[in-house]
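Asks: I am attaching a structure below and will ask some questions about it afterwards.
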Amino acid sequence: MRCLLFVLSAVLFLATPPVAAQDMPGLIAAARAQIGVTTRYDPAYVGLSYPGGDVPSDRGVCTDVLIRAFRTAWGLDLQRVVHTDMTRDFDAYPRLWDLSGPDANIDHRRVPNLQTLLKRAKADLPISDDAADYQPGDLVTWRLPGNLPHIGIVSDRMNSDGDQRLILHNIGGGAQEEDLLMSFPITGHYRITTQALDWMKELDR
């Protein structure tokens, strides 16, 4: 009987999907609060303090929406998380910028690096053509015209047609909440589970 209970428990454990991080509403609210504050898209390289560095709040790029939302909602500093992980395994990250080592000023502000971090945190999900598969708080990456990477947060609000969720992001005019999900080729879909969040928190020490 005890053996049977053990087997049943193991089956239930394996069949249970990872639990999403509890404060997805907080993450979404933290991203939405940037609308009207971050009014410019500015990709300039800037020297930042470390940890907790940030560019002026009136400007930034798509990744800064995530960075600020993660800090506000979860107290998680993606600057330190990415830098710590790149320091311990630099070769695991894309070599697109001819760097010989990590750069805490910019690494966390680059979409390919965040994609690598999220995959290493086991937060990646299959890419789907079904808008219903993208849930509030999910992170999505796209390939924009000109081969430009982009990232945003899936909102809890629907578009006017009611067939897909809006996206919180900065694509050029500051932080916005827009109908964008299926507008460009999707290159990544991520969900911050409690396990993924815990993994990243271990790096943020």
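Asks: Test each condition in (1) touching a strand residue (DSSP E or B) at 6+ places or on another chain (Cβ under 8 Å); (2) within 17 Å of residue 199 (Cα to Cα); (3) of a type in the set (A, V, I, L, M, F, W, C) for residue 74 and report the one that comes out false.
Replies: Condition (1) is where residue 74 drops out.
Asks: Residues being part of a helix (DSSP H, G or I), among the aliphatic types (A, V, I, L, M) and in contact with a helix residue (DSSP H, G or I) (Cβ under 6 Å, 6 or more places away or on another chain): count how many of those fall in the stretch 40-76.
Replies: Taking the stretch 40-76 and keeping what is part of a helix (DSSP H, G or I), we get 62-74.
With the extra rule that they be among the aliphatic types (A, V, I, L, M), the set shrinks to 65-67, 69, 73.
Then drop every residue that is not in contact with a helix residue (DSSP H, G or I) (Cβ under 6 Å, 6 or more places away or on another chain), which leaves 65, 67, 69, 73.
Count: 4.
Asks: Further, regarding this structure: Tell me, please, whether a residue that is within 23 Å of residue 177 (Cα to Cα) and of a type in the set (Gly, Ala, Ser) can be found in the stretch 100-116.
Replies: The answer is no, given that none of the residues of the stretch 100-116 is within 23 Å of residue 177 (Cα to Cα) and of a type in the set (Gly, Ala, Ser).
Asks: Related question: For the stretch 79-95, which positions are surrounded by fewer than 19 Cβ atoms within 10 Å (Cβ to Cβ), at pLDDT 95 or above and not hydroxyl-bearing (Ser, Thr, Tyr)?
Replies: Once the filter is applied, which keeps residues that are surrounded by fewer than 19 Cβ atoms within 10 Å (Cβ to Cβ), at pLDDT 95 or above and not hydroxyl-bearing (Ser, Thr, Tyr), the stretch 79-95 yields 88, 89, 90, 91, 92, 94.
Asks: Which ones in the stretch 17-32 are buried (at least 16 other Cβ atoms within 10 Å of the Cβ) and either basic (Lys, Arg) or at pLDDT 95 or above (or both)?
Replies: 24, 27, 28, 30, 31, 32
Asks: Further, regarding this structure: May I ask you to list the residues in the stretch 150-168 that are crowded, with 21+ Cβ neighbours inside 10 Å and either polar (S, T, N, Q) or at positive phi (or both)?
Replies: Within the stretch 150-168, 155 is the sole residue that qualifies.
Asks: Let me ask something else about it. For the stretch 180-203: of the residues being of a type in the set (Ser, Thr, Tyr) and part of a strand (DSSP E or B), which is nearest to residue 143 (Cα to Cα)?
Replies: Here the residue is 187.
Asks: Separate question: Among 135, 115, which is touching a residue at least 24 places away in the same chain (Cβ under 8 Å) and part of a loop (DSSP other than H, G, I, E, B)?
Replies: From the options 135, 115, the qualifying one is 135.
Asks: Are there any pairs, at least 6 apart or on different chains, whose C-beta atoms fall under 9 Å, with the first in the stretch 74-89 and closer than 14 Å to residue 205 by Cα and the second polar (S, T, N, Q) and crowded, with 22+ Cβ neighbours inside 10 Å, and if so, which?
Replies: If the second residue must be polar (S, T, N, Q) and crowded, with 22+ Cβ neighbours inside 10 Å, the pairs left are 78/63; 82/113.
Asks: Under 29 Å from residue 25 (Cα atoms), in a helix (DSSP H, G or I), of a type in the set (Gly, Ala, Ser) and out of contact with any Phe, Trp or Tyr (no Cβ under 6 Å at 6 or more places or on another chain) - does that describe any residue in the stretch 81-95?
Replies: Checked against the condition, which is being under 29 Å from residue 25 (Cα atoms), in a helix (DSSP H, G or I), of a type in the set (Gly, Ala, Ser) and out of contact with any Phe, Trp or Tyr (no Cβ under 6 Å at 6 or more places or on another chain), the stretch 81-95 yields no hits at all.
Asks: May I ask you to list the residues in the stretch 148-188 that are of a type outside the set (Asp, Glu) and over 20 Å from residue 61 (Cβ atoms)?
Replies: 157, 158, 159, 160, 162, 164, 165, 182 - these are the residues of the stretch 148-188 that are of a type outside the set (Asp, Glu) and over 20 Å from residue 61 (Cβ atoms).
Asks: Can I ask one more? Please go through the stretch 28-74 and give me each residue that is polar (S, T, N, Q) and under 22 Å from residue 140 (Cβ atoms), ordered by number.
Replies: 34, 38, 63, 72
Asks: For residue 37, are the conditions met, namely being part of a loop (DSSP other than H, G, I, E, B) and at pLDDT 95 or above?
Replies: In short, yes.
The values are calculated or read from the model by the stated rules, or taken from the named source; none is laboratory data. As the structure is a computational prediction, the values presented were derived from the model and not from experiment. Note: ideal-geometry Cβ built from the backbone for every residue, glycine included; neighbour counts use all protein chains shown.
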